[in-house]
Amino acid sequence: MANITTRPVTKLGIVGAGSVGTSLAYAAIIRDAAREIAIYDIDAVRAEAEGLDLAHGTQFTGASTVTGGGRIEALAGSDVIVITAGARQKPGQTRLELAGVNVDIIQKLMAQLMEQAPDAVYIVVTNPCDVLTVAAQKASGLPWNRIFCSGTVLDTSRLRLLLAREAHVLMTSVHATIIGEHGDSEFPVWSNASIGPVPIRDWKISGRQVFTQDYLDALTDDVVNAAYQVIEGKGATNYAIGLAGVRIVEAVLEAQNAVLPVSAIMHGQYGINGVALSLPSIVGINGVYEMLQMPLDEGETKKLQDSAETLQNTLAKLGV
């Protein structure tokens, strides 16, 4: 018999068995993102049931082990831990209004997680994720590159979807990014946006300029408020953020060095320090290797600084 080769065993830990955590676990199984997946929640019965439901389908996937339960020890040895636990965003509630409750939760949680997986890369999905990233880093003492959040990865996907539909092209042909806070002060970088090699404002169909400034302004509003629309209709967002979270997990576990708009604590980029904001960043085996400084026009630079100020004010009010 020929030698059988197997890929290295990788372990993904997920904190939270709610709609986001389980959607992320399901996406990870379908995409074969990790060989082992462990779901932890203080609601042990729910977590165990979700783990069983997922495990029953592993015959049809690449995952070898899926477990769920109320013992945090199950996360020991995880290569990546994604944090989805926290108070759920309510209709009409901004992400920043969630801050107080979820900061307290994550500060207590990080001490426990560090005992189980001190060498893991941590990805925060719970909102407000930018604020919680700073709180989690300070509570854990982890280096900034190993504790970051999903940031505007999903927001950027929403943006590209709308642009692709209007331009009548594949999403992969759209090059546009949302940066800043994952929340109400986020914004697209239109000065850098293009479809293929064509600047976004120059894209035409039958000689007609498709992306006028009025259209871009309306589209920005649609992207910023997309989550609120979903929450109003079904109570929570879960499928898309689950897929976005797994995309980041893949970049880490597969050492891809992929450029993704995640949010990490800034150290001087654009003159900003001490807050976590989304920028296109190189993500690989050790987390965030570098936050890239893309060219911004004067108005975009001002928006990024305003976004930072919004978060700095929130952190100050919370004493983080």
Among 80, 249, 198, which one shows the highest mean-square fluctuation when the chain is modelled as a Gaussian network with alpha-carbon springs under 10 Å? 198
List the residues, sorted by chain then number, that are 5 or more residues from residue 82 or on another chain and whose placed amide H is less than 5 Å from its amide H. 13, 14, 15, 123
Heavy atoms of residue 204 accessible to a 1.4 Å probe, total area in Å² rounded to 10: 120 Å²
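So which of 108/234; 11/108; 11/303; 11/90 end up more than 27 Å apart by C-alpha? Present the calculation step by step, with values, prior to reporting the outcome.
Values: 108/234 30 Å; 11/108 23 Å; 11/303 38 Å; 11/90 32 Å.
From the list (108/234; 11/108; 11/303; 11/90), the Cα-Cα distance tops 27 Å for 108/234; 11/303; 11/90.
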Regarding region 229-290, what are the three Cα extents along the principal axes, ordered largest first, in Å? 40, 30, 13
Rounded to whole Å and sorted largest first, list the principal axis extents of the Cα atoms in region 136-259. 55, 35, 23
Among 205, 105, 14, what's the order by accessible area (1.4 angstrom probe), most exposed first? 105, 205, 14
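The values are calculated or read from the model by the stated rules, or taken from the named source; none is laboratory data. The model shown is predicted, which means the values in this text are computed figures rather than measured ones. Each accessible area value is taken on the protein alone, full model and side chains, heavy atoms only, with ligands, DNA and RNA left out. Shrake-Rupley method; radii C 1.70, N 1.55, O 1.52, S 1.80 Å.
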